[in-house]
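Undergrad: Below are the structure tokens for one structure; questions will follow.
The values are calculated or read from the model by the stated rules, or taken from the named source; none is laboratory data. Everything numeric in this text was worked out from a predicted model, so none of it was measured. Note that each Cβ is placed from the backbone with ideal geometry, even for glycine, and that neighbours are counted across all protein chains shown. These accessible areas exclude ligands, DNA and RNA; they are computed on the full protein's heavy atoms, side chains included. Shrake-Rupley method; radii C 1.70, N 1.55, O 1.52, S 1.80 Å.
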Amino acid sequence: MNEYIIRASNVTKIYKKNKVLDDLSINIKKGDIYGFVGKNGAGKTTMIRVISGLVIPNNGQVELFGHSEEKEIIKQRSRIGVLIESPALYLNMTAKENLELVRIQRGIPGIKCIDESLDLVGLKDTGKKKTKNFSLGMKQRLGIAMALLNDPELLLLDEPINGLDPIGIKEIRELLLKLNKERGTTVFLSSHILSELTQICNRYGFINDGKLIEEITASEFSDKCRTYLHLKINDSSDVPIILENELGIKDYEVFPDNILRVYDEFNGEKITLCLAKHNIGVKEIMQMGESLEDYFTKLVGGEGNE
Ligand code: ADP
């Protein structure tokens, strides 16, 4: 069932003596929105370039849509849309004119794809407005429209959210979710800011110094980073009944030594008062758990995440 769209195995890229990608393997499944996360300089763009055929690795293999022979891979690349860094726009032209140029350069037949792409990214009403008057978010969406002209099954986006304000981030996030849901587009996107990706990705790959540190699903990830209220009490025997019946709390765990963890409920006062009513004393109470950003920082090291 889990059809792989990209299988990259043991990819190494060396520039002069600098090992930019170091034996890196990643697997992207059909329908994934895969977040490729790492600090600036970690090797994300280089890997996206390798997958798109713009950089030849020194070692390793890339399989696309189940094909690994060179001739076949070239053919399969027509099923991919790529946006690396900021889109190259002609600022004195409209969105439509820019798309028409790209369409011709890439030899994509028919002009229907232009209006369709503009519509998809929410730019169909920009009319005669020149792209120099577009917001950064609009420019970025136009870049994605360029990548969408060939109706790709796989979108490779390098830092598509970089530099956008919260509204711009939300627009891109909604667009990618829509493409994924309505068209089944598989998305591979990179970012150096993990929190920008947490609402869209179902899988993540963390890269540091050209190496893949961890590949993880979104639900494994949120389990690891779950926040909870830690309580040390003097008697935990009746706690399940009290929490469930009186407070309606179902998501909790009781550990030895009368340690209690209550997930996703941070009204400590309410819990403490209710326990006190049953003569249960609370010796310690604190909010615990790692934020996603903490987890990421721990994985890839502290500096250079901005
Ligand atoms: P990221 O996208 O994660 O910021 P990059 O893939 O752009 O990282 O860069 C990784 C490292 O490779 C950086 O140290 C960068 O300077 C180096 N690098 C990238 N492209 C080239 C190149 N064409 N020639 C030499 N070094 C390069």
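Undergrad: Largest first and in whole Å, give the semi-axes of the chain's equivalent ellipsoid, each being the square root of 5 times a Cα gyration tensor eigenvalue.
TA: 45, 24, 17
Undergrad: Take each of the peptides 283-291, 37-45, 92-100, average the number of other beta-carbon atoms within 10 Å over its residues, and list them starting from the highest.
TA: 37-45, 92-100, 283-291
Undergrad: Let me ask you something else. Excluding same-chain residues fewer than 8 positions from Lys17, which aspartates and glutamates have a Cα within less than 17 Å of its Cα?
TA: Asp209
Undergrad: By how many degrees, between 0 and 90 and to the nearest 10, does the Cα long axis of helix 95-106 differ from the longest principal axis of the chain?
TA: 70 degrees
Undergrad: Ignoring any ligand, DNA or RNA, what whole percent of the accessible area of the chain comes from carbon and sulfur when the probe is 1.4 angstrom?
TA: In the chain, the share of accessible area belonging to carbon and sulfur is 48 percent.
Undergrad: Determine which residues of the range 222-238 fall in the zone a paramagnetic label at Lys283 would reach in this model, i.e. backbone nitrogen under 20 Å from the point 7 Å along Cα→Cβ.
TA: Answer for the range 222-238: 229-238.
Undergrad: If you fit an axis through the alpha-carbon atoms of helix 136-148 and take the longest principal axis of the Cα set of the chain, what angle between them do you get, 0 to 90°, nearest 10?
TA: Around 60 degrees separate the two axes.
Undergrad: A further question follows. Past 31 Å, Cα to Cα, is the threshold; run Lys250/Lys283; Lys181/Lys298; Lys39/Lys232; Lys71/Lys224; Lys75/Lys178; Lys29/Lys211 against it and keep the listed order.
TA: Lys181/Lys298; Lys39/Lys232; Lys71/Lys224
Undergrad: Order the following by accessible area, largest value first: Met47, Met138. Probe radius 1.4 Å; ligands, DNA and RNA are ignored.
TA: Ranking Met47, Met138 by accessible area, largest first, yields Met138, Met47.
Undergrad: Taking the chain as a Gaussian network, Cα atoms linked when under 10 Å apart, which of Asn133, Asn245, Asn180 shows the biggest mean-square fluctuation?
TA: Between Asn133, Asn245, Asn180, it is Asn245 that shows the largest mean-square fluctuation.
Undergrad: May I pose another question? Keeping all protein chains in position, work out how much accessible area Lys130 exposes to a 1.4 Å probe, and write it in Å² to the nearest 10.
TA: Estimated to the nearest 10 Å², Lys130 gives 80 Å².
Undergrad: Something else: Between Asn202 and Ile259, what FRET efficiency follows from the Cβ-Cβ distance if R0 is 25 Å, with the result rounded to 0.05?
TA: With a Förster radius of 25 Å, E is 0.15.
Undergrad: Have a look at the DSSP beta bridges in the chain and tell me what percent are antiparallel, nearest 5.
TA: Antiparallel: roughly 70 percent of the beta bridges in the chain.
Undergrad: On a C-alpha basis, how far is the centre of the range 211-258 from the centre of the range 1-59 in Å? Whole number, if you could?
TA: For the range 211-258 versus the range 1-59, the Cα centre distance is 36 Å.
Undergrad: Here's another thing I want to ask about it. Please give the FRET efficiency for Asp209 paired with Met93, using the beta carbon to beta carbon distance and R0 = 45 Å, rounded to the nearest 0.05.
TA: Calculated value: 0.65.
Undergrad: Where a ≥ b ≥ c are the square roots of the eigenvalues of the C-alpha gyration tensor, would you call the range 205-306 rounded, which needs a/c under 1.5, or, failing that, prolate if a/b is larger than b/c, or oblate?
TA: prolate
Undergrad: Can you tell me the equivalent ellipsoid semi-axes for the range 76-131? Use √(5λ) from the Cα gyration tensor, largest first, whole Å.
TA: Over the Cα atoms of the range 76-131, the ellipsoid semi-axes are 19, 14, 11 Å.
Undergrad: If R0 is 51 Å, what FRET efficiency do you get for Ile104 and Arg226 from their C-beta distance, rounded to 0.05?
TA: Between Ile104 and Arg226 the formula returns 0.50.
Undergrad: Give the peptides 74-82, 52-60, 19-27 in descending order of average Cβ contacts within 10 Å, highest first.
TA: Final packing ranking: 19-27, 74-82, 52-60.
Undergrad: Taking Lys112 as the anchor, which aspartates and glutamates have their alpha carbon closer than 13 Å to its alpha carbon, excluding any fewer than eight residues away along the same chain?
TA: Within the straight-line cut-off, Lys112 pairs with Glu100, Asp151.
Undergrad: Quickly work out the Asn59-to-Glu244 label distance, labels modelled 7 Å from Cα along the C-beta direction, and quote it in nm with one decimal.
TA: So the two model labels end up 5.5 nm from each other.
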